[in-house]
1. For segment 159-181, name all the residues that are over 16 Å from residue 213 (Cα atoms), open to solvent by less than 10 Å² (accessible area, probe 1.4 Å) and assigned to a loop (DSSP other than H, G, I, E, B).
2. Looking for something under 30 Å from residue 237 (Cβ atoms), open to solvent by less than 40 Å² (accessible area, probe 1.4 Å), among the hydroxyl-bearing types (Ser, Thr, Tyr) and under 22 Å from the mean Cα position of the chain (by Cα) - is there at least one such residue anywhere in segment 128-148?
3. Just to be sure I understand the filter: pairs with C-beta atoms under 8 Å, separated by 6 or more residues or on different chains, first member in segment 144-159 and in contact (Cβ under 8 Å) with a residue 60 or more places away in the chain, second member among the hydroxyl-bearing types (Ser, Thr, Tyr) and part of a helix (DSSP H, G or I). Which pairs pass?
4. Go through (1) open to solvent by 30 Å² or more (accessible area, probe 1.4 Å); (2) closer than 21 Å to residue 278 by Cα for residue 114 and report which single condition fails.
5. Scanning for something in the same structural domain as residue 185 (by the TED database), within 28 Å of the chain's Cα centre (by Cα) and assigned to a loop (DSSP other than H, G, I, E, B), does segment 218-238 turn up at least one residue?
6. Given (1) open to solvent by less than 20 Å² (accessible area, probe 1.4 Å); (2) touching a strand residue (DSSP E or B) at 6+ places or on another chain (Cβ under 9 Å); (3) within 26 Å of residue 53 (Cβ to Cβ), where does residue 296 come up short, assuming only one miss?
7. Can you name every residue in segment 7-29 that is open to solvent by 50 Å² or more (accessible area, probe 1.4 Å) and small (Gly, Ala, Ser)?
8. In the list 71, 35, which residue meets the criterion of being of a type in the set (A, V, I, L, M, F, W, C), touching a His at 6+ places or on another chain (Cβ under 9 Å), open to solvent by less than 20 Å² (accessible area, probe 1.4 Å) and outside the structural domain of residue 168 (by the TED database)?
Amino acid sequence: MSAFDADVIIVGGGPSGVAAALELKKRGVGQVMLLDREDRLGGATRHCSHSPFGMREFGRVYFGAAYGRRLQGEAEAAGVDIRPQHSAVSLGEDASLTVTSPLGVEVLKARRVMLATGAREMPRSARLVSGDRPATGIVTTGALQAYVTFHHLMPFRRPLIVGSELVSFSAVLTCLTHGARPVAMIESEGRALARKPFTLFPALAGIPFHAGAEIVDIKGSGRVEAATVRLTDGTTRSFSCDGILFTGRFTPEAALLLQSPLGVASGSSGAAIDQTGRMANPLYFASGNVLRAIETGGWAFREGRAVGAALASDLAHDPAKVEPVPVTFDAPLKLVVPSLVRRGGNTPAFHDFQLRFLHSASGRLSLELDGHEVWSRTGHWLPERRILVPVSTGATEAGSVHFRFREQG
């Protein structure tokens with residue numbers, strides 16, 4: 001009788017976790033267990049009342065809920081052992097997990113564990129916004145979409161939308177198609193974070209957009225009545241509204257890592273992985289938005305599939321004993337993924353380093369291996385835009401890997 005409950009246990013049933021499970025089964029891995037705390041697979045896509053999802057994965061366009069159903073169906077058809085309403089609460093150093101479910105508490109053990117727990121939006125409390133604490137009317141995009149999709153409720157009619165990431169414009173669409181009209185959108189950066197043509201949508205819908213603006217106070221007792229916003233010129237303005245919709249500012253869902261010896265990566269606050277998706281503990285892998293916030297469902301699916309392939313190959317060998325080399329970087333870079341590199345190993349899941357800046361900056365970005373520059377580019381770098389730099393063979397063999405930034409006027 002095997003000492004393992006599965007060859008691989010995957011925590012998280014969103015696009016990345018499901019894609020990894022499918023790839024593992026495709027490559028002949030016998031026992032693949034997929035844990036998810038919800039009733040059904042699909043992750044955040046289940047309550048996205050918009051498209052497009054699934055074009056590159058399945059060759060057709062789905063709305064979020066239908067895409068989630070497709071993920072569920074694919075996993076079932078592949079013979080994945082799906083465990084809904086199962087939440088991992090702690091990680092052991094030997095690839096064991098303490099799990100809670102309606103059946104109680106149990107410990108599951110696998111040859112390898114993969115985390116694909118995704119990301120979550122930053123709520124009001126984490127943004128340190130002062131003011132009254134009304135009982136209703138303050139939500140994140142995820143909560144809004146859950147209200148609309150699962151309960152057919154709209155929590156407000158005239159919200160102020162905070163943020164300008166891609167999800168923010170999705171929130172505008174959700175509002176307009178379900179009977180709410182935002183009074184305005186605000187963004188603390190000097191420009192919208194999403195790319196055109198999405199940024200044109202508020203103007204076309206007649207919704208004022210204020211860049212360089214920050215919410216500083218909320219008024220209301222039973223529900224939201226008004227919000228005070230500091231504009232880019234330093235003056236304040238009160239917006240009469242019945243709700244505040246906080247969008248974006250995603251952070252990886254990394255609670256499991258924070259309470260384990262694995263910890264999180266500097267900058268991203270997500271799982272620290274090498275070019276194969278492996279963490280510092282060689283029994284653990286990770287992919288998707290638990291690495292960094294945030295990429296699209298399609299990107300997470302492709303990433304999960306690539307890490308699943310690397311993990312399948314890894315099962316044929318003893319766990320890697322090579323210590324990883326950390327990837328370091330200068331400010332104002334925000335993060336680098338992968339944040340570790342290891343010599344040797346399997347075919348990499350990541351062929352590029354993914355970089356992001358904290359704020360707009362002009363200057364020269366370069367990659368140094370053992371102190372020698374091997375790549376550089378000069379330009380104007382925008383916040384939260386993905387930058388890709390090839391992971392060369394030299395990078396995986398180097399004793400030090402550093403991204404340097406020299407700002408230019």
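The values are calculated or read from the model by the stated rules, or taken from the named source; none is laboratory data. Computed from a predicted structure; not experimentally measured. Note that each Cβ is placed from the backbone with ideal geometry, even for glycine, and that neighbours are counted across all protein chains shown. Surface areas here come from the heavy atoms of the whole protein model, side chains and all, with no ligands, DNA or RNA. Shrake-Rupley method; radii C 1.70, N 1.55, O 1.52, S 1.80 Å.
1. Of everything in segment 159-181, just one residue is over 16 Å from residue 213 (Cα atoms), open to solvent by less than 10 Å² (accessible area, probe 1.4 Å) and assigned to a loop (DSSP other than H, G, I, E, B), namely 180.
2. Yes: one or more hits.
3. As it stands, the answer is 144/174; 145/174; 148/174; 155/147, since those pairs meet every condition given.
4. It fails just one condition, (1).
5. Checked segment 218-238: no residue is in the same structural domain as residue 185 (by the TED database), within 28 Å of the chain's Cα centre (by Cα) and assigned to a loop (DSSP other than H, G, I, E, B).
6. (1)
7. Selection gives 28 alone.
8. On the way: 71 fails: touching a His at 6+ places or on another chain (Cβ under 9 Å).
The unique qualifying residue is 35.
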